[in-house]
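Down below is the structure, laid out as C-alpha coordinates.
The values are calculated or read from the model by the stated rules, or taken from the named source; none is laboratory data. Predicted, not measured: the structure shown is a model, and the values here were computed from it. Positions of Cβ are generated from backbone atoms using ideal geometry, with glycine treated the same way; all protein chains shown enter the neighbour counts. Each accessible area value is taken on the protein alone, full model and side chains, heavy atoms only, with ligands, DNA and RNA left out. Shrake-Rupley method; radii C 1.70, N 1.55, O 1.52, S 1.80 Å.
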Amino acid sequence: MLSAGRLAEARAVAEEFASRFRRRGVVGVVFLGALARGYFDESSDIDVVVFKRKGVRLGVPRERELEYKGFLVDYEVRDYEDELRRPWSMEERWAFSHAVVHYDPEGRVARLLKRKVPLREGERRRLLRESLRWAAWYGWDFADSWVRRGDLASAHHCVTVALELLVKALFLFNGQLVPPDKWLLHEAAKLGKLPPNFAQIVREALLTRDFTAEELERRKAAVAQLRAWLEAGTSSS
(Lines give C-alpha, C1' and ligand atoms only; values in the text may rest on other atoms or scores of the structure.)
Protein backbone atom coordinates (compact mmCIF):
# COMPACT_ATOMS: atom_id res chain seq x y z
CA MET A 1 0.00 0.00 0.00
CA LEU A 2 1.26 3.49 -0.87
CA SER A 3 2.05 5.78 2.05
CA ALA A 4 3.10 9.43 1.94
CA GLY A 5 4.73 8.98 5.32
CA ARG A 6 6.70 5.96 4.13
CA LEU A 7 7.88 7.90 1.07
CA ALA A 8 9.05 10.83 3.18
CA GLU A 9 10.87 8.46 5.54
CA ALA A 10 12.53 6.72 2.59
CA ARG A 11 13.71 10.05 1.20
CA ALA A 12 15.24 11.00 4.52
CA VAL A 13 17.02 7.65 4.81
CA ALA A 14 18.24 7.89 1.19
CA GLU A 15 19.67 11.35 1.79
CA GLU A 16 21.41 10.22 4.96
CA PHE A 17 22.85 7.16 3.21
CA ALA A 18 23.99 9.19 0.19
CA SER A 19 25.68 11.82 2.35
CA ARG A 20 28.65 9.47 2.82
CA PHE A 21 29.45 9.97 -0.88
CA ARG A 22 29.57 13.76 -0.78
CA ARG A 23 33.34 13.88 -0.92
CA ARG A 24 36.33 14.54 -3.11
CA GLY A 25 36.38 12.45 -6.27
CA VAL A 26 32.60 11.97 -6.42
CA VAL A 27 31.00 13.76 -9.36
CA GLY A 28 27.43 13.28 -8.21
CA VAL A 29 24.73 11.10 -6.66
CA VAL A 30 21.24 10.40 -7.97
CA PHE A 31 18.20 8.51 -6.71
CA LEU A 32 16.31 6.24 -9.11
CA GLY A 33 13.40 3.84 -8.97
CA ALA A 34 10.32 4.16 -6.83
CA LEU A 35 11.80 6.87 -4.66
CA ALA A 36 12.51 9.09 -7.65
CA ARG A 37 9.07 8.50 -9.16
CA GLY A 38 7.28 9.18 -5.87
CA TYR A 39 5.90 5.65 -5.79
CA PHE A 40 7.03 3.90 -2.63
CA ASP A 41 5.39 0.90 -0.97
CA GLU A 42 6.36 -2.22 0.92
CA SER A 43 7.82 -3.79 -2.24
CA SER A 44 10.07 -0.81 -3.03
CA ASP A 45 13.72 -0.30 -2.30
CA ILE A 46 16.01 2.75 -2.37
CA ASP A 47 18.05 2.93 -5.58
CA VAL A 48 21.19 5.05 -5.46
CA VAL A 49 23.74 5.63 -8.24
CA VAL A 50 27.08 7.25 -7.46
CA PHE A 51 29.15 8.78 -10.25
CA LYS A 52 32.84 9.08 -9.42
CA ARG A 53 35.94 10.12 -11.32
CA LYS A 54 37.78 7.27 -12.98
CA GLY A 55 40.65 6.01 -10.85
CA VAL A 56 39.20 7.31 -7.59
CA ARG A 57 38.78 4.63 -4.92
CA LEU A 58 35.83 5.02 -2.58
CA GLY A 59 36.60 1.96 -0.46
CA VAL A 60 33.19 0.35 -1.10
CA PRO A 61 32.00 -2.38 -3.50
CA ARG A 62 30.88 -1.29 -6.96
CA GLU A 63 27.42 -2.71 -6.31
CA ARG A 64 25.71 -3.76 -3.14
CA GLU A 65 22.29 -4.40 -1.68
CA LEU A 66 22.00 -3.87 2.07
CA GLU A 67 19.61 -3.14 4.88
CA TYR A 68 19.87 0.41 6.16
CA LYS A 69 17.61 1.81 8.88
CA GLY A 70 14.70 -0.46 7.99
CA PHE A 71 14.99 -0.04 4.23
CA LEU A 72 16.58 -2.09 1.49
CA VAL A 73 19.19 0.07 -0.26
CA ASP A 74 20.51 -0.94 -3.69
CA TYR A 75 23.46 1.21 -4.69
CA GLU A 76 25.83 1.24 -7.65
CA VAL A 77 29.08 3.12 -8.31
CA ARG A 78 29.87 4.18 -11.88
CA ASP A 79 32.89 5.89 -13.44
CA TYR A 80 31.69 9.20 -14.84
CA GLU A 81 34.13 9.22 -17.75
CA ASP A 82 33.02 5.75 -18.84
CA GLU A 83 29.37 6.79 -18.74
CA LEU A 84 30.08 9.71 -21.05
CA ARG A 85 31.28 7.27 -23.73
CA ARG A 86 29.11 4.22 -23.09
CA PRO A 87 25.74 3.93 -24.88
CA TRP A 88 22.85 3.64 -22.44
CA SER A 89 20.12 1.07 -23.00
CA MET A 90 16.49 2.12 -23.34
CA GLU A 91 15.77 0.79 -19.83
CA GLU A 92 18.63 2.84 -18.35
CA ARG A 93 17.45 5.97 -20.12
CA TRP A 94 13.90 5.46 -18.87
CA ALA A 95 15.16 4.95 -15.31
CA PHE A 96 17.37 8.03 -15.44
CA SER A 97 14.62 10.12 -17.02
CA HIS A 98 12.98 10.04 -13.57
CA ALA A 99 16.23 10.57 -11.65
CA VAL A 100 16.34 12.87 -8.65
CA VAL A 101 19.75 14.50 -8.50
CA HIS A 102 20.86 14.55 -4.87
CA TYR A 103 24.44 15.81 -5.24
CA ASP A 104 25.92 17.54 -8.29
CA PRO A 105 28.29 20.31 -7.20
CA GLU A 106 29.59 21.11 -10.70
CA GLY A 107 26.46 20.30 -12.69
CA ARG A 108 28.19 17.41 -14.43
CA VAL A 109 25.49 14.86 -13.68
CA ALA A 110 22.81 17.19 -15.04
CA ARG A 111 24.80 17.57 -18.26
CA LEU A 112 25.29 13.80 -18.49
CA LEU A 113 21.57 13.15 -18.17
CA LYS A 114 20.77 15.83 -20.73
CA ARG A 115 23.15 14.14 -23.15
CA LYS A 116 22.18 10.51 -22.55
CA VAL A 117 18.48 10.37 -21.73
CA PRO A 118 16.43 12.21 -24.41
CA LEU A 119 14.62 10.33 -27.14
CA ARG A 120 15.56 11.98 -30.42
CA GLU A 121 12.90 12.30 -33.11
CA GLY A 122 14.77 10.26 -35.71
CA GLU A 123 15.38 7.51 -33.19
CA ARG A 124 11.75 7.56 -32.08
CA ARG A 125 10.46 7.15 -35.63
CA ARG A 126 12.92 4.35 -36.41
CA LEU A 127 12.12 2.39 -33.26
CA LEU A 128 8.39 2.86 -33.79
CA ARG A 129 8.63 1.46 -37.33
CA GLU A 130 10.68 -1.49 -36.07
CA SER A 131 8.24 -2.26 -33.26
CA LEU A 132 5.29 -2.26 -35.64
CA ARG A 133 7.13 -4.44 -38.15
CA TRP A 134 8.21 -6.99 -35.54
CA ALA A 135 4.72 -7.03 -34.04
CA ALA A 136 3.26 -7.88 -37.45
CA TRP A 137 5.75 -10.70 -37.91
CA TYR A 138 5.15 -12.20 -34.47
CA GLY A 139 1.39 -11.78 -34.31
CA TRP A 140 0.68 -13.04 -37.79
CA ASP A 141 3.59 -14.55 -39.78
CA PHE A 142 5.30 -16.37 -36.91
CA ALA A 143 2.06 -17.30 -35.13
CA ASP A 144 0.58 -18.74 -38.33
CA SER A 145 3.74 -20.73 -39.03
CA TRP A 146 3.43 -22.39 -35.61
CA VAL A 147 -0.20 -23.22 -36.34
CA ARG A 148 0.87 -24.97 -39.53
CA ARG A 149 3.47 -26.88 -37.51
CA GLY A 150 0.82 -27.99 -35.04
CA ASP A 151 2.31 -26.12 -32.07
CA LEU A 152 -0.50 -23.89 -30.77
CA ALA A 153 1.31 -23.07 -27.52
CA SER A 154 4.12 -21.41 -29.51
CA ALA A 155 1.55 -19.63 -31.69
CA HIS A 156 -0.12 -18.18 -28.59
CA HIS A 157 3.27 -17.10 -27.27
CA CYS A 158 3.94 -15.21 -30.50
CA VAL A 159 0.71 -13.28 -30.04
CA THR A 160 1.80 -12.34 -26.52
CA VAL A 161 5.12 -11.08 -27.90
CA ALA A 162 3.24 -9.06 -30.53
CA LEU A 163 1.13 -7.43 -27.81
CA GLU A 164 4.27 -6.51 -25.87
CA LEU A 165 5.85 -4.96 -28.97
CA LEU A 166 2.73 -2.92 -29.68
CA VAL A 167 2.52 -1.65 -26.11
CA LYS A 168 6.15 -0.58 -26.41
CA ALA A 169 5.22 1.14 -29.68
CA LEU A 170 2.58 3.11 -27.77
CA PHE A 171 5.30 4.78 -25.71
CA LEU A 172 7.21 5.72 -28.84
CA PHE A 173 3.99 6.94 -30.47
CA ASN A 174 3.55 9.21 -27.45
CA GLY A 175 7.14 10.44 -27.74
CA GLN A 176 8.27 8.67 -24.59
CA LEU A 177 11.02 6.26 -23.63
CA VAL A 178 10.01 2.64 -23.15
CA PRO A 179 10.05 1.34 -19.55
CA PRO A 180 11.26 -2.10 -18.43
CA ASP A 181 8.84 -4.98 -18.98
CA LYS A 182 7.67 -5.08 -15.36
CA TRP A 183 6.40 -1.49 -15.64
CA LEU A 184 5.11 -1.73 -19.21
CA LEU A 185 1.35 -2.09 -18.72
CA HIS A 186 1.23 -0.04 -15.53
CA GLU A 187 2.87 2.95 -17.21
CA ALA A 188 1.09 2.47 -20.54
CA ALA A 189 -2.26 3.13 -18.88
CA LYS A 190 -1.01 6.65 -18.06
CA LEU A 191 -0.14 7.61 -21.65
CA GLY A 192 -1.94 10.58 -23.14
CA LYS A 193 -2.77 9.00 -26.50
CA LEU A 194 -4.37 5.55 -26.25
CA PRO A 195 -7.15 3.67 -28.04
CA PRO A 196 -10.40 4.40 -26.19
CA ASN A 197 -10.84 0.68 -25.49
CA PHE A 198 -7.21 0.02 -24.52
CA ALA A 199 -8.02 -1.79 -21.27
CA GLN A 200 -10.43 -4.14 -23.06
CA ILE A 201 -7.90 -4.79 -25.84
CA VAL A 202 -5.26 -5.76 -23.30
CA ARG A 203 -7.68 -8.00 -21.41
CA GLU A 204 -8.75 -9.85 -24.55
CA ALA A 205 -5.20 -10.15 -25.83
CA LEU A 206 -3.84 -11.54 -22.55
CA LEU A 207 -6.73 -13.82 -21.66
CA THR A 208 -5.94 -17.40 -22.67
CA ARG A 209 -8.47 -20.03 -21.66
CA ASP A 210 -6.80 -22.78 -23.65
CA PHE A 211 -4.28 -23.24 -26.44
CA THR A 212 -6.86 -23.63 -29.20
CA ALA A 213 -7.09 -22.17 -32.70
CA GLU A 214 -10.32 -20.38 -31.75
CA GLU A 215 -8.69 -18.71 -28.75
CA LEU A 216 -5.74 -17.77 -30.90
CA GLU A 217 -7.94 -15.98 -33.43
CA ARG A 218 -9.80 -14.14 -30.66
CA ARG A 219 -6.52 -12.93 -29.19
CA LYS A 220 -5.15 -11.98 -32.60
CA ALA A 221 -8.28 -9.93 -33.27
CA ALA A 222 -7.69 -7.94 -30.08
CA VAL A 223 -4.02 -7.35 -30.95
CA ALA A 224 -5.09 -6.36 -34.48
CA GLN A 225 -7.19 -3.51 -33.03
CA LEU A 226 -4.15 -2.04 -31.30
CA ARG A 227 -1.99 -2.53 -34.37
CA ALA A 228 -4.56 -0.82 -36.63
CA TRP A 229 -4.92 2.13 -34.24
CA LEU A 230 -1.16 2.64 -34.11
CA GLU A 231 -0.66 2.28 -37.85
CA ALA A 232 -3.46 4.76 -38.56
CA GLY A 233 -2.01 7.26 -36.13
CA THR A 234 1.53 6.77 -37.42
CA SER A 235 0.57 7.24 -41.07
CA SER A 236 -1.32 10.45 -40.29
CA SER A 237 1.46 12.01 -38.20
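Per-structure values
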read-out: Dipole magnitude of the stretch 52-203, debye to nearest 20 (Cβ charges: Lys/Arg +1, Asp/Glu -1, about Cα centre); value: 580
read-out: Surface accessible to a 1.4 Å probe, Lys54 within the full protein complex, Å²; value: 110
read-out: Descending semi-axes in whole angstrom, ellipsoid equivalent of the stretch 1-70, from the Cα gyration tensor; value: 25, 11, 10
read-out: Calculated P(r) tail over 13 Å for the stretch 162-237, as whole % of Cα pairs; value: 66
read-out: Point-charge dipole on Cβ atoms (K/R +1, D/E -1) for the stretch 28-86, about Cα centre, debye to 20; value: 480
read-out: Extension gain, Ala4 back to Asp141 (0.36 nm per residue minus Cα-Cα distance, nm); value: 44.5 nm
read-out: Within the accessible area of the chain (1.4 Å probe), percent carbon and sulfur; value: 51
read-out: Under Karplus coefficients 6.51, -1.76 and 1.60, residue-wise ³J(HN,Hα) of the stretch 40-53 in Hz, glycine/proline x; value: 10, 9, 5, 9, 8, 10, 9, 9, 10, 10, 10, 9, 10, 6
read-out: Cβ charges +1 (Lys, Arg) and -1 (Asp, Glu), total dipole of the stretch 141-184, debye; value: 60
read-out: For the chain, convex hull volume per residue from C-alpha positions, Å³; value: 162
read-out: Probe 1.4 Å, accessible area per residue of the chain, Å²; value: 53
read-out: Nearest-10 value in Å² for the accessible area of Trp88, using the 1.4 Å probe; value: 20
read-out: Considering only the chain, percent of DSSP beta bridges that pair antiparallel, nearest 5; value: 70
read-out: Backbone N under 17 Å from the Glu76 label point (7 Å along Cα→Cβ), restricted to the stretch 1-41; value: 27-37
read-out: Cα centroid of the stretch 156-216 to Cα centroid of the stretch 48-95, whole Å; value: 32
read-out: Positive-end residue, the chain charge dipole about Cα centroid, Cβ charges, pick of Val109, Val13, Ala232; value: Val109
read-out: DSSP bridge orientation in the stretch 38-85 - percent antiparallel, rounded to nearest 5; value: 45
read-out: The chain: DSSP helices with Cα axial extent of at least 20 Å and average Kyte-Doolittle hydropathy no lower than 0.5; value: 152-173
